[in-house]
Structures are given as C-alpha cells and as structure tokens.
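Each reported figure results from applying straightforward, stated rules to the coordinates on display, with no laboratory input. Predicted model only: the values in this text are computed from it and were never measured. Reconstructed Cβ throughout: ideal geometry from the backbone, glycine too, with neighbour counts over all protein chains shown.
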Amino acid sequence: MNIMDIATKENLLKLWEFFAWMDNARWNDVTQLKEDQRMCNNFNEMWNKCGLDVNAADLKPTDIVLAHWLTYIFDYGMPAETVWDNAFPIMGYIAIRYRKGANWEEIIKDHVKQISPGGKRNYEFYIKGPRGVHVFKHRFGGHHKLDEAVRNTLEGLEEKYQRDLVIFMLENSKNSKTDKWVKNLAVELYALTYNRNTADKEELWHKRTWAALRDYLKGNFHKNYICNALTEYEGKYTDEVLEKWRKPQPYLDQLELPGDMWNIKFYDKIYSSYIGPLMPKSHKKMIAPKAIRVLYNDILNKDANERELYPEQFDVTFDIAPNCGSKLCHICPLGLNSVNELCIGNLPNTQNKYCPLLASFCHYFVPCKAERCPVLNRRTQSLCPQPFMA
C-alpha cells in the first residue's frame, strides 16, 4: 500500500469513527428513549377511535416484535413516519389477535381488503370496531404484493413456530456458528416473509430485513422488547442461546448496512475519495452495503476491530446526507469550517446539557460527553471531499 493509500485509509477510519460516535448517540437519543410512551399512546388512540376493546397494556413483548416485523414490510417508498404512525397500530392489533388464536386466514380475511383505484389492484390493511375504521394503504401494495408478505409471515409462523416470531429467531439462531448466526438468521427472516421457497439462498442486501434485525440486536427496542421477551423461554433454550441475544455486542459486526437511499447518496459522495481507491482492483463499483462489507472484511478489518467499528454504523448517514442537500456545511463537523461555536465540550458543568451540534445537525438529543468527542478535538474537520462552497 503506497503513501497515498495509507493516508486515504486513515481518513476513512477517522470518518468511520465519527459514524460510530454518531451511532452511539443515535441509539441513546432521548427522543428514542421516549418512543415507547408515544407508541403506546398512538396504539390506544387508534384503537379507541375504532371502539376496539383492547389497549396497549394488552401487548406482550412478543406481540410488539411481530408487529414491528410486519410494519417493516411497508417501510419503503413512503415517509417512515406515515408508515409507522398508521401501519404499526394495525399490526399491533393483528399480533394480539394472532397470539390469542385467530389463524392466518382469519387475519387476512378480517384485516386486508383488495381495492382497485383507477383499475389498478392494491390493498387496504385495516382495523374495524363499532365506532369506526382505521385504514393504511401502501402506494406499492398491489404491485409488490405486500399482502402476500404479511400472509407468508403469519402462515409460516403458524405452521412451525407457535405463532411466535421470537421462537422463530431463537430456533434459527440456536445451531448457527457464532461467526455466522446473524447472517444466517437474516436469510431465514427474508425467506419467511418475502419468498418461502428460497430459504437456501443468501439474500444478503435486503434493506428492510437488515433494518429490522438491527433493531432486534441494538438500541431501545432490543432492551425493552427482545430482552423482556426472552424471559418466557428460559429453560426451553440453553443459556448460551439466550445470552447471545441478551448481549449481542460481539456479533454486531455481522450486521449489514441496510442501504437506504440516503446511505447510497452519502456513499456516492465519498466514493471517489475514500471507497474506490481502497477497493481491490478485482472489484468494480458495487452497491453501498456490499462495498462497505468488502472494505471491512478485506482491507480494514484489524484497524476497524481495534477501534470498535463495523459496517452497520454507516447507517447514520441516513441522518447526515439530507444536510448535504440543504447545504448546511457551515455546521457540519466534516466540513472546512470549525464548528466550535456549536461545541460546549470545553465548558464546565455540561453533563446535563444536550450536545448542540448533534441536536442541530441530526436532531439527536444526547447529553454532552467531551471524552473521545471528534468535534471537540477537530479530528473530522475537512474530511468531506465535496463541501458546498458558498
């Protein structure tokens, strides 16, 4: 590796360290920590509006896990807030009915309706009670057969897994090798929902599969629902199986970057300066998740592991990239300018103050922690290869 490549490698690692710092903030965001209460209020509001005799307190952790997976089926091609605010309460109610005995055929009959607006087939997913109905329709519901994805999931879980997605995940991870169990589970989850006849194929780059599986292994969702659900399976599975779910940190490097549109835009922005020069010559330009995986496995593995870096941390570019389009380079810690005006790390008594940079740049609300802060030490200043020039 020549001197130029060594410098490129070090700069990419600095950039990656910044992503890791942001990723830690993302999963400790006060907004995320309050999401449980907002979600419960949203469920109760929708269910009460319809006059359904159920409330969020009736949801078990396993119900939330299943509803979460079913909602991710729709999380593309539309604003995420629209999908989660409208589809999640429907899937939550479906999950309760399903656990209590309604089979998959009843669920599809009672909650999915085919419609034909303008002669084009689509589907409405709905809950209905004595006071009203709440409906969600995805713009690609008919074209991409999203009704089949929901049906496949419920039918598959009913056949072999006691209608329980957590049992499905435990069963499909218990015998996997330690260094492959997350990857293998992703393949099985994909097969369950999107094509039940290709369980032996490696569908490794499916965005929604990796986004959901990421939630099951890190952050607030993991702590509050996966870990709480596991208490029901003590004695049914070995401590070794349960512990790798309770403490998944050593396995997070197996997670793939979901590859959202914003991930891809940021990847394209840095490709010629940081990605392309380091890629093996035998590799042509490839999709963002696959390229980051190649770099991690073949080029940066030792350095990345020493710095606790792994591919999925690049997903914070989902929150960084929109700032590029808005030309907010003047507050970007990767830009040419110092952003010390937004940093309070050198001030006294900042423990209970939110980091102003993360709050303004990415809407993460986390307490200031000056130690290892890349903004305070200017470690990432001028790393952006394409800053907006005013």
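Which of the residues belonging to segment 25-46 are out of contact with any helix residue (DSSP H, G or I) (no Cβ under 9 Å at 6 or more places or on another chain) and either in a loop (DSSP other than H, G, I, E, B) or crowded, with 18+ Cβ neighbours inside 10 Å (or both)?
LYS34
Output the residue which, of all residues in segment 128-177 that are closer than 29 Å to LEU230 by Cα and among the β-branched types (Val, Ile, Thr), is surrounded by the fewest Cβ atoms within 10 Å (Cβ to Cβ).
The residue in question is ILE167.
For segment 164-187, give me each residue that is closer than 25 Å to LYS100 by Cα and touching a residue at least 12 places away in the same chain (Cβ under 8 Å).
Going residue by residue through segment 164-187, those that are closer than 25 Å to LYS100 by Cα are 164-172.
The answer is ASP164, LEU165, VAL166, ILE167, PHE168, MET169, LEU170, ASN172.
Suppose the filter is in a helix (DSSP H, G or I), among the basic types (Lys, Arg), farther than 26 Å from LEU376 by Cβ and over 23 Å from the mean Cα position of the chain (by Cα); does LYS49 pass it? Step through it out loud before you land on a result.
Values: in a helix (DSSP H, G or I): yes; among the basic types (Lys, Arg): yes; farther than 26 Å from LEU376 by Cβ: yes; over 23 Å from the mean Cα position of the chain (by Cα): yes.
Judged against the criteria, LYS49 is a match.
On the basis of being surrounded by 23 or more Cβ atoms within 10 Å (Cβ to Cβ), within 18 Å of ASN220 (Cα to Cα) and not small (Gly, Ala, Ser), does TRP69 make the cut? Before you say what the answer is, go through the steps one by one.
Values: surrounded by 23 or more Cβ atoms within 10 Å (Cβ to Cβ): yes; within 18 Å of ASN220 (Cα to Cα): yes; not small (Gly, Ala, Ser): yes.
When the stated conditions are applied, TRP69 passes them.
Does segment 226-263 hold any residues that are β-branched (Val, Ile, Thr) and buried (at least 17 other Cβ atoms within 10 Å of the Cβ), and which are they? Steps first, answer last, please.
Going residue by residue through segment 226-263, those that are β-branched (Val, Ile, Thr) are 226, 231, 238, 241.
ILE226, VAL241, listed by residue number.
Residue check: is ARG99 surrounded by fewer than 20 Cβ atoms within 10 Å (Cβ to Cβ) and either touching a Cys at 6+ places or on another chain (Cβ under 7 Å) or over 28 Å from PRO248 (Cβ atoms) (or both)?
Values: surrounded by fewer than 20 Cβ atoms within 10 Å (Cβ to Cβ): yes; either touching a Cys at 6+ places or on another chain (Cβ under 7 Å) or over 28 Å from PRO248 (Cβ atoms) (or both): no.
So ARG99 fails the test.
When you go through (1) part of a loop (DSSP other than H, G, I, E, B); (2) buried (at least 21 other Cβ atoms within 10 Å of the Cβ); (3) hydrophobic (A, V, I, L, M, F, W, C) one by one for MET78, which number turns out not to apply?
Checking MET78 against (1) part of a loop (DSSP other than H, G, I, E, B); (2) buried (at least 21 other Cβ atoms within 10 Å of the Cβ); (3) hydrophobic (A, V, I, L, M, F, W, C), the one that fails is (2).
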